[in-house]
Amino acid sequence: MKKYSIFSLARNALGFHQGWEQAWRSPDPKPAYDVIIIGGGGHGLATAHYLAKEHGITNVAVIEKGWLGGGNTGRNTTIIRSNYLWDESAAIYEKSLKLYEGLSQELNYNIMLSQRGVLNLAHNLHDVRELQRRINANKLNGVDSEFLTPAQIKEMVPIINMEPNARFPILGASLQRRGGVARHDAIAWGLARSADSRGVDIIQQCEVTGILRDGGKVTGVETTRGTIKAPKVAIVTAGHCSVVADMAGIRLPVSSFPLQAMVSEPVKPIINCVVMSNAVHVYVSQSDKGELVLGAGVDGYTGYTQRGSLHVVEHQLASLCELFPLFSRLRIMRMWGGIVDTCPDASPIVSKTPVEGLYINCGWGTGGFKSTPGSGWVFAHTIARDEAHPLNAPFNLDRFTSGALIDEHGAAAVAH
Amino acid sequence: MLLIPCPWCGEREEAEFHNGGEAHIERPKNPDKLNDEEWADYLFMTSNTKGVYLERWVHDHGCRRWFNVARNTATNAIITVYKMGQKPPKGVR
């Protein structure tokens, strides 16, 4: 791997940028590997990166049916934060945020992390109390979190509607200053480049069609490019986790829903942090290109279509105009959907499975992007050592049998 | 926006309805005989099928009645609707 630097940029500029090497190879699949990772999104690539970097396991294949980062990795609203209520969630998301903070250097790839602060608004007394409870819980867990008064919010976001006759008055907000946004494609590409340089084979346009087992033990996968053997197989397929797990006869407590997002036409810099509101139901930030990046709600039914219903978008834009009346004449340029895999307790599953050698990482629901490096880090540990790391031990598949759920519904500052 | 054919009211827009999750999940007949795995399966596990999925909907902004829908989750095509208590029509999956 050739290092990216100001010197390599200058050198390649002299050569009219014809000398750049490909960021990763496109090898044919070998007949066998030590580990096969199904799914070439952010989480799968992070798993491959940390397997190679932290555990020295490099005879690894990442198998992707489409192209790298073409699923939820390229469809999210790029928000990163770790201000979750419960200890287990705060620990794993904070680990992820810490990894994000060093990721550009670690990968030698600019992920454009911008820690511009994430605001979660409160619109009634109950919201304020919940917010303060969460802020206190965050502080106890070492997660930076602070309360802002309406005056402080107005100073930070001057365009927000603070009129006293507002339908949903703003009574306060939590602020995580270390939260922010990053470039989602760059994370997929940077992780892929790093994993590839350490020997990982990234195989795109290759769909897994079956999981091979022998007496309760995994032996490999059947794909559209032939059989590939491996003693360890990891499923990291987000919205399609139930489909892939079903190939190994495993039922999951996961439902897949379309979650929509959209961007507006680009405008000059107007909002310099991330604003999220549960009650009015909107989350907004501004991209470097100037587009407003808006997140909408989850459609109310199971679906794999990567598009949702228009009334969800309508509700989203009404919410935006409620909080920011000056956006009412802004035009929407693009909208799309991603398939989020949600668990009954709104927490992920990063776990071993009843099939020996088969591991699963799914159920991140609407929190997948912010957890990308942390998820890969703990999952690589789980695969390499065949046991969960303390950070992901609570997020096992058995919790639905034992009842030790981690109920983040409404507790995690999620906007839906 | 889905156009859902309510068995009583005819085709109406999705916004009038509410989805009630997977259909044909029966409450166990002998709840005190179930072990933890069986409870977990009843309470939490879903088929989450990509393809024809049998689910319940309620026309809550209309006639307020529940019914079953067979919908292809990969295309959103509604294959058929049938009343509560009925078994899915043969060949629907």
Quiz item: Would it be correct to say that residue A:384 is assigned to a helix (DSSP H, G or I) and within 14 Å of chain B (Cβ to nearest Cβ)?
Solution: no
Quiz item: How many residues does region A:179-197 contain that are assigned to a loop (DSSP other than H, G, I, E, B) and crowded, with 20+ Cβ neighbours inside 10 Å?
Solution: 2
Practice problem: Among the residues of region A:248-272, count how many are in contact (Cβ under 8 Å) with a residue 12 or more places away in the chain and within 12 Å of chain B (Cβ to nearest Cβ). | Solution: 8
Quiz prompt | Selected residue [modelled with pLDDT under 95 and of a type in the set (Lys, Arg)] from A:30, A:53, A:2, A:65 | solution = A:2
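Residues of region A:133-154 being without any contact (Cβ under 8 Å) to a residue 24 or more places away in the chain and either over 15 Å from residue A:323 (Cα atoms) or part of a strand (DSSP E or B) (or both), which ones? Spell out the reasoning first.
Within region A:133-154, the first condition is being without any contact (Cβ under 8 Å) to a residue 24 or more places away in the chain, and the residues that meet it are A:136, A:139-140, A:149-152, A:154.
Hits for region A:133-154 are A:136, A:139, A:140, A:149, A:151, A:152.
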Quiz item: Restricting attention to region B:83-92, does a residue exist that is within 14 Å of another protein chain (Cβ to nearest Cβ) and either out of contact with any strand residue (DSSP E or B) (no Cβ under 6 Å at 6 or more places or on another chain) or assigned to a loop (DSSP other than H, G, I, E, B) (or both)?
Solution: no
Quiz item: Which pairs have Cβ atoms under 6 Å, sit 6 or more apart or on different chains, and link a residue in region B:56-76 that is hydroxyl-bearing (Ser, Thr, Tyr) to one that is outside any loop (DSSP other than H, G, I, E, B) and modelled with pLDDT of 95 or more?
Solution: B:73/B:53
Self-check item: Tally, over region A:293-323, of residues that are in contact with a Phe, Trp or Tyr (Cβ under 7 Å, 6 or more places away or on another chain), without any contact (Cβ under 8 Å) to a residue 40 or more places away in the chain and closer than 16 Å to residue A:334 by Cβ
Solution: 1
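Just to verify a result, which residue in region A:198-256, among those that are of a type in the set (Ser, Thr, Tyr) and under 17 Å from residue A:354 (Cα atoms), is surrounded by the most Cβ atoms within 10 Å (Cβ to Cβ)? If you could, list the steps in order and put the result at the bottom.
If we filter region A:198-256 for residues that are of a type in the set (Ser, Thr, Tyr), which is where we start, we get A:209, A:219, A:223-224, A:227, A:237, A:242, A:255-256.
With under 17 Å from residue A:354 (Cα atoms) added as a condition, the list becomes A:219, A:242.
Values: A:219: 16, A:242: 25.
By that ranking, first place goes to A:242.
Within region B:38-74, which residues are among the aliphatic types (A, V, I, L, M) and either more than 9 Å from every other protein chain (Cβ to nearest Cβ) or not in a loop (DSSP other than H, G, I, E, B) (or both)?
Step one: list which residues in region B:38-74 are among the aliphatic types (A, V, I, L, M), which gives B:40, B:43, B:45, B:52, B:54, B:58, B:69-70, B:74.
Within region B:38-74, B:40, B:43, B:52, B:54, B:58, B:69, B:70 qualify.
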Practice problem: Could you check how many residues of region B:1-37 are within 10 Å of chain A (Cβ to nearest Cβ), surrounded by 12 or more Cβ atoms within 10 Å (Cβ to Cβ) and of a type outside the set (A, V, I, L, M, F, W, C)? | Solution: 9
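With the requirement that a residue be within 21 Å of the chain's Cα centre (by Cα), more than 9 Å from chain B (Cβ to nearest Cβ) and not small (Gly, Ala, Ser), what does region A:306-315 give you? Spell out the reasoning first.
If we filter region A:306-315 for residues that are within 21 Å of the chain's Cα centre (by Cα), which is where we start, we get A:306-308.
Right, trim to more than 9 Å from chain B (Cβ to nearest Cβ) and you get A:306, A:308.
Correct list: A:306 only.
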Quiz item: Does any residue of region A:284-305 turn out to be of a type outside the set (Lys, Arg), within 20 Å of residue A:361 (Cα to Cα), part of a helix (DSSP H, G or I) and facing another protein chain (nearest Cβ under 9 Å)?
Solution: no
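Residue A:354: over 23 Å from the mean Cα position of the chain (by Cα) and either among the basic types (Lys, Arg) or within 14 Å of another protein chain (Cβ to nearest Cβ) (or both), yes or no?
Yes: the conditions hold for residue A:354.
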Quiz prompt | Residue list for region A:258-279, filter: touching an Asp or Glu at 6+ places or on another chain (Cβ under 6 Å) and buried (at least 22 other Cβ atoms within 10 Å of the Cβ) | solution = A:258
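The values are calculated or read from the model by the stated rules, or taken from the named source; none is laboratory data. Keep in mind that this is a model prediction, so the values were computed, not measured. Cβ: placed from backbone, ideal geometry, glycine included. Neighbour counts: every protein chain shown.
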